[in-house]
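Read the structure below first, then the notes.
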Amino acid sequence: VLSQFLHFHLYEIIGITAALAEELFHKGEQLLMAGEVFNIKPLQLYAVTQQLRQGKPTCANGDARTDLGHILDFTCRLKYLKITGTGGPVGNSNIQEHLLPFDLSIFKSLHQIQINHCGAKLINGLTSSKHTLGTLSVQFSATSMMEVLVPEAYEFDQWEPEGASSNPVTAVIPTWRTLTTLDMSHNSIAQIDNSVKLMPKIEFLDLSHNDVPLVENLQHLYNLIHLDLSYNKLSTLEGIHTKIGNIKTLNLAGNHLERLSGLNKLYSLVNLDLSNNKVDQIDEIRNIGGLPCLEKLVLSNNPLSIIPDYRTKVLAQFGDRASEVCLDNTITTEKELDTVEVLKAIQKAKDVKYKMSNSDKKIPEDSKLSATSSKSNCSSLSVHPSSPSLPRPVSSSQEITHKKTAPVSNFSSSSLTPKSHTVTQRCPETPDSCSASQVSAPHLDFSDKSTHRMCLGYPEEGPDSLPDSLNTVTLPFTCMSYTTTNQDFVQHLSTLIAEAVGNVPLFSV
C-alpha cells in the first residue's frame with residue numbers, strides 16, 4: 001500500500017519492472033500471438049536495463065507474477081516494438097526520458113521498431129537486431145544518421161562495411177542485411193553521411209523535415225525506389241541522377257528549389273512532388289516533360305502556379321503524354337487536353353519558323369563563302385579600268401578551246417588591242433604547244449591536259465617574268481564575255497587575226 005502511495009510503480013526501478021513483468025505475465029502471450037505492436041516507455045526500458053546490471057534476484061518480492069523472467073521471455077520473441085518518450089518531465093517527477101540511457105539487446109527477434117522522443121546517442125544494443133530488422137523508424141531523436149546506424153563508428157578512425165573493401169582498416173562494421181525501410185524524419189540531420197553504405201537492401205528512405213542541403217552518398221543504395229527529402233534545405237539538384245538513378249517516387253516538397261535541371265535523367269521516376277518550392281518559370285518543366293514514366297506531378301504552392309492557364313501550359317510540356325499525367329492530384333479534363341493540343345500546334349509552328357529563319361541566314365553565309373573561294377581561284381585576273389564607256393561584264397562565260405595547229409606567227413599586239421580594259425592571257429608552254437583560240441560554248445575542252453594549258457595573269461615563273469610576244473595575246477576585257485556590246489568588235493578582231501596569220505578566221509560568234 002505504501003509503495004502504491006509513493007508511486008513506486010511509476011518512478012522507482014524495482015517498482016517499474018515489477019509492474020511491467022506482471023502485465024506481461026497476463027497479456028504477453030496474447031500480444032505475441034496477435035502480432036501486435038508493443039508500446040513501451042524509455043523509463044521502463046531504463047528500469048529493466050538497470051535491474052539487469054545490478055545482478056539482483058529476478059523476483060525481489062517473492063511474487064512469481066513480478067518475476068523479471070517474464071519480461072526477458074517476452075522481449076526475446078517480440079517482433080514489433082514502439083518506444084515513445086514524453087519529450088518532457090514524466091508525470092509529477094523531474095525525470096527527463098530523453099536523457100535516459102537504455103539497452104535494446106534484450107530484443108532478439110525484432111522486425112520493426114519505432115523510436116520517438118529519445119536520445120539516439122543514449123540507445124545501446126540496437127545493432128544487435130541487424131540480422132532481423134526490416135523497418136527502422138527514428139523520429140525526434142537523432143542529430144545524425146551515423147549515431148543510429150553505426151554507433152560504434154565513433155570509436156574508430158576508419159571503418160568499412162562488411163565485405164566492401166579488402167584494404168586494411170581499423171574496423172569492419174556488419175551491414176543491416178535485412179533492413180528495407182528507414183524513416184529518420186523529423187530529426188536534426190544535416191548530412192546524408194556515408195553510414196548509408198551499411199544499408200545495401202534499403203528500398204524506402206524518409207529523411208523529411210531535416211536540415212539536409214545536398215543529396216549525396218545515395219549512389220550506394222542500388223535498391224532505393226522511394227525517397228522523401230521534403231522540407232529540407234535543398235537548393236540544387238545538379239547530378240542527382242548519378243545518386244538515385246533507379247528512383248520511382250521522389251518527394252522534394254518544401255525545399256528551396258528554383259531550377260529542375262537535375263531531374264531530366266530520372267527515367268524511372270513515376271511520382272514527383274515539387275510543391276512548396278520556388279519554381280517560377282514554365283520552361284523549367286521541360287526538364288521533366290521528357291520523363292517517360294512520370295504519372296503523378298505536384299507543383300502546387302510554387303510561384304508558377306499563379307500563371308494564367310498554368311495547368312495547360314505545364315501539361316503541354318509533356319507532349320503526347322499529357323493525358324497520362326495527373327497534375328496536383330487532379331485528373332486532366334478533356335477541355336484541358338484540347339487546349340494542350342492547340343498550344344502544341346502553336347509551338348510546332350514557332351519551331352518550324354525558327355528553323356526556316358536559321359536556314360535563310362545560313363544561305364547568304366554559304367554564298368559569301370562561295371564567292372570568296374571563286375575570288376581566290378581567279379586572284380591572278382588583273383583588271384585595269386580606263387574607260388567608263390565600256391560595260392563591265394557580269395561573268396566570264398566565254399571559254400577558249402585549244403587544238404593542236406600550226407604555231408601563230410608574230411604580230412603586233414597594238415594593232416589588236418583597243419585602249420580599254422585589258423587582260424593578259426598567256427600559255428607558258430613552248431610555241432609548239434600553243435594554238436589559236438576558238439570561241440565556243442558552253443565548256444572548256446582541254447583535249448590534252450598534259451600539253452595544253454591556259455592561264456590568266458602572271459606566268460608560273462613569277463610575276464616578274466616578261467611575256468614573250470609569240471605566246472601572248474592581249475585582249476580587251478569586254479571580249480572575255482560574249483555580249484551584244486562587243487559582238488562587232490569580236491568579229492573585227494577575228495578578221496584582223498585571220499589577216500595576220502593568213503589562215504581562216506579563228507574566232508567565230
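The values are calculated or read from the model by the stated rules, or taken from the named source; none is laboratory data. The structure presented is a predicted model; accordingly, all values stated were derived computationally and were not measured. Here the Cβ positions follow ideal geometry from the backbone for every residue, glycine too, while neighbour counts run over all protein chains shown.
Observations, loosely collected:
- Extreme residue, modelled with the lowest pLDDT, among residues of region 32-62 that are of a type in the set (Lys, Arg) and farther than 24 Å from Gly87 by Cα: Lys56
- Every test in (1) at pLDDT 95 or above; (2) over 20 Å from Val150 (Cα atoms); (3) surrounded by 19 or more Cβ atoms within 10 Å (Cβ to Cβ); (4) not hydroxyl-bearing (Ser, Thr, Tyr) is passed by Pro213 save one, and that test is (3).
- Hey, Asn287 closer than 25 Å to Pro213 by Cα, free of Cβ contacts under 8 Å to residues at least 60 places away in the same chain and not in a helix (DSSP H, G or I) or not: no
- Number of the exception - Asp351 against (1) under 25 Å from the mean Cα position of the chain (by Cα); (2) under 25 Å from Asp273 (Cβ atoms); (3) part of a helix (DSSP H, G or I): (2)
- Filtering region 293-309 to residues that are modelled with pLDDT of 95 or more and either buried (at least 21 other Cβ atoms within 10 Å of the Cβ) or assigned to a loop (DSSP other than H, G, I, E, B) (or both) leaves Cys293, Leu294, Glu295, Leu297, Leu299, Ser300, Asn301, Asn302.
- Considering residues of region 241-262 that are modelled with pLDDT of 95 or more and outside any loop (DSSP other than H, G, I, E, B) only, the residue nearest to Asn302 (Cα to Cα): Asn251
- Options Val212, Val279: the member that is in contact (Cβ under 8 Å) with a residue 12 or more places away in the chain and within 25 Å of Pro292 (Cα to Cα): Val279
- Within region 17-30, none of the residues are part of a loop (DSSP other than H, G, I, E, B) and out of contact with any Ser or Thr (no Cβ under 6 Å at 6 or more places or on another chain).
- Within region 164-183, considering residues that are under 32 Å from the mean Cα position of the chain (by Cα) and at pLDDT below 75, the one surrounded by the fewest Cβ atoms within 10 Å (Cβ to Cβ): Ser165
- Of all the numbered requirements in (1) free of Cβ contacts under 8 Å to residues at least 40 places away in the same chain; (2) more than 21 Å from Ala21 (Cβ to Cβ); (3) more than 38 Å from the chain's Cα centre (by Cα), Ile115 misses one, and that requirement is (3).
- Ser359 at pLDDT below 90, loosely packed, with under 10 Cβ neighbours inside 10 Å, part of a helix (DSSP H, G or I) and of a type in the set (S, T, N, Q): yes
- Selection over region 310-322 of residues that are in a helix (DSSP H, G or I) and either farther than 17 Å from Gln347 by Cβ or within 24 Å of the chain's Cα centre (by Cα) (or both) gives a count of 8.
- Only a single item in (1) in a loop (DSSP other than H, G, I, E, B); (2) under 24 Å from Leu227 (Cβ atoms) is not met by Thr332, and it is number (2).
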